[in-house]
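Heads up: the structure comes next, in structure tokens.
FYI, it's all coordinate maths here, none of it is from the lab. It should be emphasised that the depicted structure is a prediction, and the values quoted were computed from it without experimental measurement. Virtual Cβ from ideal backbone geometry, glycine too; neighbours counted across all protein chains shown.
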Amino acid sequence: MMKKWYIPVGIIVLLGVMLISGYNNLVKTSESVTSSWSQVQNQLQRRSDLIPNLVNTVKGYASQEKAVFTEVSEARAKLAGAATVAAAGQADQALTGSLGKLLAIVESYPQLKSDANFRALQDELAGTENRIATARMDYNNSVQTFNTKIKTFPTSLYAGMFGYGPRDYFKPDANVGTAPAVDFSK
């Protein structure tokens, strides 16, 4: 004959196992988001490291375009100092605009395009831009998985209790559709 106290103890044990399993799943998903953000930062750093080489190569050919080089350097510094996802998104957008201007300078200096070092750096930068886009997409996918997990039942009942709240998506600047203005008449 089964004792009646086994049923409540069994339910409590089952709920405990479910809670522990759910918590462990939250930790794994949260770490996935953190890891994905780390990859975004790695690729942004890679681009940031390549830019001085690109700028110095271009400077050798186009020293009169000092304003563009200053803008690229300032945007790069802002990206390096970004402390939040939103700040990194804004700084990244500013840097992308500055790089657009820098690459437009290349069109005005055909001898620069034929320089092998510049070509190699330009290819590296283009590859890095693709890696950044992929890393952003992976990060946003991780955030979506995590945010969905903490907002769905039964995880929503205890996620906040363990300190897990929604994470921010990497969003482009509101002016992302606006192409940077390049003016060589100055």
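Using R₀ = 22 Å, calculate the FRET efficiency as 1/(1 + (r/R₀)^6) where r is the Cβ-Cβ separation of residue 137 and residue 86; round to 0.05.
That gives a FRET efficiency of 0.80.
Lysine pairs in the range 6-162 with Cα distance under 30 Å, only those 8 or more apart or on different chains: how many are there?
Final tally of qualifying lysine pairs is 11.
What order do you get for 139-146, 151-158, 120-127 when each peptide is scored by the mean count of other beta carbon atoms within 10 Å, highest first?
139-146, 120-127, 151-158
Work out the charge dipole of the range 6-162 with +1 on the Cβ of Lys and Arg and -1 on the Cβ of Asp and Glu about the Cα centre, then indicate which of 39, 148, 97 is farthest towards its positive end.
The Cα lying farthest towards the positive end belongs to 148.
With the Cα gyration tensor of the range 6-162 giving a ≥ b ≥ c as the square roots of its eigenvalues, does the rule (a/c under 1.5 for rounded; else a/b larger than b/c for prolate; else oblate) give rounded, prolate or oblate?
Prolate is the answer for the range 6-162, as a/c is 1.5 or above and a/b outweighs b/c.
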